[in-house]
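The values are calculated or read from the model by the stated rules, or taken from the named source; none is laboratory data. Nothing here was measured: the structure is a model prediction, and the numbers come from that model. Cβ placement follows ideal geometry from the backbone for every residue including glycine, while neighbour counts extend to all protein chains displayed. Accessible surface areas use protein heavy atoms only, side chains included; no ligands, DNA or RNA. Shrake-Rupley method; radii C 1.70, N 1.55, O 1.52, S 1.80 Å.
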Number of protein chains: 4
Amino acid sequence: VANNSFGKHFRITTWGESHGKAIGVVVDGCPARLELSEADINEELKRRAPGANAWVSPRKEEDRAEILSGLFEGETTGAPISIIIPNTNQDSSKYEPIKELYRPGHANYTYLKKYGIFDYRGGGRASARETACRVAAGAIAKKLLATQNIHVVAYLKGVGDMSVDMDMSVDLSDLPSVLKARNSSPLFCPDVLTENEIIRRVDRAKSEGDSLGGVVECITAGLPVGLGDPVYEKIEANLAKAMMSLPASKGVEFGCGFAAAAMRGSEHNDAFGVNGLLSNRSGGILGGITTGELLSLRVAFKPTSSIKKQQQTTDLQGNIREFTLPKGSRHDPCVAIRAVVVVEAMAALVLADAFLAAQLQPILQNACASYATSVPSL
Amino acid sequence: VANNSFGKHFRITTWGESHGKAIGVVVDGCPARLELSEADINEELKRRAPGANAWVSPRKEEDRAEILSGLFEGETTGAPISIIIPNTNQDSSKYEPIKELYRPGHANYTYLKKYGIFDYRGGGRASARETACRVAAGAIAKKLLATQNIHVVAYLKGVGDMSVDMDMSVDLSDLPSVLKARNSSPLFCPDVLTENEIIRRVDRAKSEGDSLGGVVECITAGLPVGLGDPVYEKIEANLAKAMMSLPASKGVEFGCGFAAAAMRGSEHNDAFGVNGLLSNRSGGILGGITTGELLSLRVAFKPTSSIKKQQQTTDLQGNIREFTLPKGSRHDPCVAIRAVVVVEAMAALVLADAFLAAQLQPILQNACASYATSVPSL
Amino acid sequence: VANNSFGKHFRITTWGESHGKAIGVVVDGCPARLELSEADINEELKRRAPGANAWVSPRKEEDRAEILSGLFEGETTGAPISIIIPNTNQDSSKYEPIKELYRPGHANYTYLKKYGIFDYRGGGRASARETACRVAAGAIAKKLLATQNIHVVAYLKGVGDMSVDMDMSVDLSDLPSVLKARNSSPLFCPDVLTENEIIRRVDRAKSEGDSLGGVVECITAGLPVGLGDPVYEKIEANLAKAMMSLPASKGVEFGCGFAAAAMRGSEHNDAFGVNGLLSNRSGGILGGITTGELLSLRVAFKPTSSIKKQQQTTDLQGNIREFTLPKGSRHDPCVAIRAVVVVEAMAALVLADAFLAAQLQPILQNACASYATSVPSL
Amino acid sequence: VANNSFGKHFRITTWGESHGKAIGVVVDGCPARLELSEADINEELKRRAPGANAWVSPRKEEDRAEILSGLFEGETTGAPISIIIPNTNQDSSKYEPIKELYRPGHANYTYLKKYGIFDYRGGGRASARETACRVAAGAIAKKLLATQNIHVVAYLKGVGDMSVDMDMSVDLSDLPSVLKARNSSPLFCPDVLTENEIIRRVDRAKSEGDSLGGVVECITAGLPVGLGDPVYEKIEANLAKAMMSLPASKGVEFGCGFAAAAMRGSEHNDAFGVNGLLSNRSGGILGGITTGELLSLRVAFKPTSSIKKQQQTTDLQGNIREFTLPKGSRHDPCVAIRAVVVVEAMAALVLADAFLAAQLQPILQNACASYATSVPSL
């Protein structure tokens, strides 16, 4: 069943396995005349790429995207944009020893049961490598949103019970500063104290052959009132789908999120003032439609499944076996770190789609408004 | 933009406003030959209906569904099933005093900005009344799943910081008992002690003109391995979209959910044993595909926006005004209670859709398997 | 499998059988603020209704549509518009004698094989009665298009080898006159001489217990350049799908159509002049996109399958039987006549959808054009 | 607006321009475990490739497809199959002289008006080169259908008023012979006498700097009863959409097609006999569902727009100009010839999609049938 496309108006189709020749994405529905270059995409890919520092996977993936179609003289043409990212650094041989084992926390179990076939080298479509394609497509979505002064910013909110506390109505009013701090952090964490503590924890887990979970927060600024289409294309519904389609994500929340379940209406409701809402506990959404305030969401990521510690498993025949990661395996000690870039990309894709969808309504309001005065001649 | 359909293979299209003549749903894609009657649907609607007890909205909605198409001699025919639920108990006049005001926590602000028009009587499409249609359609999905011995069970997990603690591998092994307890609870809460405490809190909030948020948990038993289609139609992605399309929902999580973000890989990974997984922290999902274990999710609902306490707002022209609910307004003190039935319905719709999608794969495996031996004659 | 929705942005979902309680349609995606009333819809339904004269089915179907949702104070609100048309004149008993027989030219054979169940009373979803819902929805699409001065006009082109010859660049320049002549014809045929000959032929076929096929032509005026999205949502691709989804249609062609296959390039190419194209052999489409000229298409309808003459068939068990229409059966001697109204509706639905889709592009061109001068502040 | 995907369950997304680096297609939804190799695809591409003989375009396109994903050990895995075909033989420079002119019969006019940008080198997305991707994807669809003994065969039916007369119930009973004759014909025309006459005509038109239109017929054998989903996913509706999405196609018809419009019901109806239908005027479809008989359709192609004869046009500013093809331009004298391969591919794509869709129904019939006896335990 076809399941590798996301989005309705601004639609992506991704393909490729972690250990094949390449991975790629086709972006369909991007309007014509947007300035675009390979550099725009590679800059984003570089942010996601492993090997950058001690707290992410030491793999060296080059991740250089090539645009194969959809551009003419530096601008989009309305035609589909095909992007290819060659796989250059995979080493399949090391997977040989575990090819007959179910990997704890991994999808080779469910893929094998569902499809009856699984490429044991790497994670196939379930590999986080697939998210590079989302980032490549997200770079285009971000560029489109930027033409409207809409900006999506994600950062590492926390790891374990440690987390950055941002007051959306105060700290984030200076989003450029947050962004700057985030960009200079190897962990995408805009608060130095938190960052240091997270580094300590990641280092410890790593040294113990273990991994950590984490939470990514994503803020969007500059949204107009009106994006999102109730009742089934609500903006948070599509954002939630986007986030839960990511590998390792286990939850998503908006505004006060789960904390709202412990609040009273008089505490949670945002009052209306002369210049819009006086607070933003709703996270920038009412009735599935953006309010024009900052849109905020958080995504929970489970700890990386691939750990050095020995674990129990079975082989494909059901015999009890010990599972040990192949020597030389390279994995992120905390997937939430690099997920920051992917969350940002997915949010941008959903918002670009919603932005396009919103064009259908205002235009027509005008058309119909002018209807009263223009009597059709026929 | 068309946004009132949900699902791909088992697809619903809902329509109707809280203060119009009726609401309804068209269910498209239900396979032929499923036994179905209006009673099947009305039984579910009755569970969601307000007026049942002191802790839900005192409105008396009859909510009797009529099936207008798609049946022949008590069975579905493969044709679309149109269900209509007349609106019988609405009183639009009481909304007159607030027709010019933005309602705190409500969607009339965003609807007005987006569409330039809003039926001030009731909540229009943003009304929780719309969810009756989801429940009606969900009744059919549940019936379809039941033919496969798949059962979806939701219950009120908690209100405020009070919550039922279910151990998925212990307490839920006796799902029929949980179900029985849930069914005999006016709050859909299967634990009597928790239920009593929740009742106390709801009573207090109500008496103070306030409202409460809450969390609904949903467990599905009997799922085969293999439902869900990575990478963008992962089972949790579609469940998340379904839940976040509900009025008042602010977050959704699967398995350990946000708690997973504070765990280590060695704690979170479920080991494989001779008879499948030895634990179920993943919530029954690996790589977006069901593992065959209990599928578990939780949805956070914000406190009801409509409260008796006075709140600040503005009128449509931006003048500061006090907002007071019209006299005689009837609202749920805690939307999470009745949401239990709706969460169950939405989960059933997603799973029925995924179940149908899964038919595409196994059949063909067989076809292709038999390919080797059957040489095409042409 | 869900198959009762048509269109992407302006989407309809139809339901109902010819012998059920009602039929209906949900129109989703109509922009807000379009003036609309039940009269708008009933006027179109009346044109399609049988019983109008001697050359269509003598059934008396009242076909009065009721709008159940989506309107407020005479305007659309952006919410789905649910329309219901009660079935008032069906007599199911007369189908008893043929309930065990395959009907020549009919779909009860394929429905039974596919679904394992068929409501032998009437034609179920395969009944031409279903097209009333398309006409109801088409009425809204036509109203939307009229706000843009786009007008869709279909007429009976011919029956047998007799057909009206319209020169698109001459006769149709006076489309209002054509329209007037069409509207005053009981056969929707704008040419009186042709009409008279067609009447003679229909009368003869009818008296012999037989039926006739026919061709409907559909012209759209006022289209801007730019509707249609290559490569798979070309305007003619979606129009072809729409027309071939109609009962009894067997072919569709655009511009010169099949005659183009017998032409040379030098004859067929339309030259460009100072004010657009100098001829219109392409039928108003180049590369799947409207050229701004009249869009023209023709649909071939087979002769009505239900005829009084005796035919050979088998019963459901495969025994040879004679098939005779039940006494009192009422059928159109030539389905192409009433199909005129349905072709018009389907064309309007496709064009309204394409019109909405086209809003996604120009808006953004402007946005991107203005991008150069507006430097994003972040 | 996203428009480069086709199909619902077996879905393709194509990309690439005639003068870019490459073209390609992503096939999504192909079931796992289908044997597949690059040779399977290249064999089909070779049939479509120009340069084969004197009656098609003399361009030398190598058209060697590379499969970049979705395979493991020679079998599909359920993951998307990405196919890339490098562009190797394009010469963009020769388009310089006509970059400022609207090309008669071409889409650069409408593309420029719609998107505000057009790659004047070649035809961009409107180029027939795009159809190579359809053929590549169609090769997989054909392989899938072959596992079910379903075979799609297209051939050149006619050019001008000359055409092969096939009696579907007689000549096509020996489809393998037809296929053999077709395969040995440079024009894909299975009748030698017709072929010779067509060659004479094409030669004459070519020598006069002109082009010819033509008709392609497509027959599918081995279909089960039951493919196609009324009312909007009728098999002929999707086939019509597929065919009218092809460059240069102007009409499509099924069974007797337009000739049916001149027939009487008693002539057109196919009677039922002991072993199915006694004739096949319906073309293998009743009520939008396959009958199990041969499915037949015909597509009309206009004459190639690119001709050597001088034509009138204007430049982008609206000044009258003479249009002459650039020296060395290489075009097919009759696009219908190579279109044979593309029609076959598109039919295969639609039928593979319908075949998958049909899996949703029978499985469930069994499930529901077994429902009566299996009482749910909960």
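Quick rundown of the values:
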item	result
Residue-level accessible surface for C:Lys21, protein heavy atoms, 1.4 Å, Å²	100 Å²
Amide proton proximity set for C:Lys157, modelled H, under 5 Å, gap of 5+	C:Val215, C:Val216, C:Glu217
Cβ-based net charge around C:Gly328, under 9 Å, with every Lys or Arg adding one and every Asp or Glu removing one	+2
Translational diffusion of the range B:103-213, µm² s⁻¹ [Kirkwood Rh, Cα pairs; Stokes-Einstein; 10 °C; 1.306 mPa s]	92 µm²/s
Three principal axis lengths of chain C [C-alpha, angstrom, descending]	77, 50, 38
Value of relative contact order over the range A:18-108, rounded to a whole percent, pairs C-alpha under 8 Å and six or more apart	37 percent
Accessible surface buried once A binds B (1.4 Å probe; total of both sides; Å²)	8200 Å²
Accessible surface of the protein assembly as shown, 1.4 Å probe, proportion on carbon and sulfur as whole %	50 percent
Links that overshoot a 31 Å alpha carbon limit, given the list B:Lys142/C:Lys142; D:Lys113/D:Lys234; B:Lys250/B:Lys327; A:Lys114/A:Lys309; A:Lys46/D:Lys143	B:Lys142/C:Lys142; D:Lys113/D:Lys234; A:Lys46/D:Lys143
Positive-pole candidate from B:Phe72, B:Pro86, B:Tyr102, dipole of the range B:47-154, charges at beta carbon	B:Tyr102
Cα-based reach from A:Lys180 at 20 Å (exclusive), listing aspartates and glutamates while leaving out same-chain residues under 8 positions away	A:Asp40, A:Glu43, A:Glu44, A:Asp165, A:Asp167, A:Asp171, A:Asp191, A:Glu195, A:Glu197, A:Glu217, A:Glu344
1.4 Å probe accessible area per residue over the protein assembly as shown, in Å²	31 Å²
Calculated [θ] (222 nm, deg cm²/dmol) that DSSP helices of n ≥ 4 give over chain D, each run adding -39,500 (n - 2.57)	-9000 deg cm²/dmol
Copy-to-copy label separations for A:Thr324, where each label sits 7 Å from Cα toward Cβ, in nm and ascending	7.6, 7.9, 8.8
At least 30 Å² accessible surface lost relative to isolated chain, residues of the range A:219-249 (1.4 Å probe)	A:Val225, A:Asp229, A:Pro230, A:Val231, A:Tyr232, A:Glu233, A:Lys234, A:Glu236, A:Ala237, A:Lys241, A:Met244, A:Ser245
Where only alpha carbons of the range B:83-128 are counted, the Rg and the Dmax (Å)	11.6, 34
For the range C:294-309, residues shielded by at least 50 square angstrom of accessible area compared with the chain on its own, probe 1.4 Å	C:Pro303
Residues in the range C:109-124 that a label on C:Ile320 would reach, taking backbone N under 18 Å of a point 7 Å out along Cα→Cβ	none
Inter-copy separations for B:Asp161, label at 7 Å along Cα-Cβ, nm, ascending	1.3, 9.2, 9.2
Separation of the C:Gln310 and C:Lys327 label points, Cα + 7 Å toward Cβ, nm	1.7 nm
For D:Ser57, residues with placed amide H under 5 Å, excluding near neighbours	D:Gly51, D:Asp332
Mean Kyte hydropathy of -0.5 or more with a Cα span along the axis of at least 20 Å, helices from DSSP in chain C	C:131-146, C:335-369
Cα gyration tensor category, rounded, prolate or oblate, for the range C:170-234 with a/c compared to 1.5	oblate
Rg and Dmax of the range D:313-362, Cα atoms only, in Å	21.1, 62
Cα-based Kirkwood hydrodynamic radius, the range D:172-295, one decimal, Å	16.9 Å
Peptide B:279-287, shielding by other chains (average Cβ, 10 Å cutoff)	5
Charge sum, other residues only, whose C-beta stays under 11 Å from C:Ala237's C-beta, Lys/Arg counted +1 and Asp/Glu -1	0
Buried on assembly, the range A:23-41 (at least 20 Å² less accessible surface than by itself, 1.4 Å probe)	A:Val26, A:Asp28, A:Gly29, A:Pro31, A:Ala32, A:Arg33, A:Glu35
Most to least accessible of A:Cys30, B:Cys256 (protein chains only, probe 1.4 Å)	B:Cys256, A:Cys30
Over the range D:1-102, equivalent-ellipsoid semi-axes from the Cα gyration tensor in Å	30, 18, 11
Cα convex hull volume per residue for the protein assembly as shown (Å³)	160 Å³
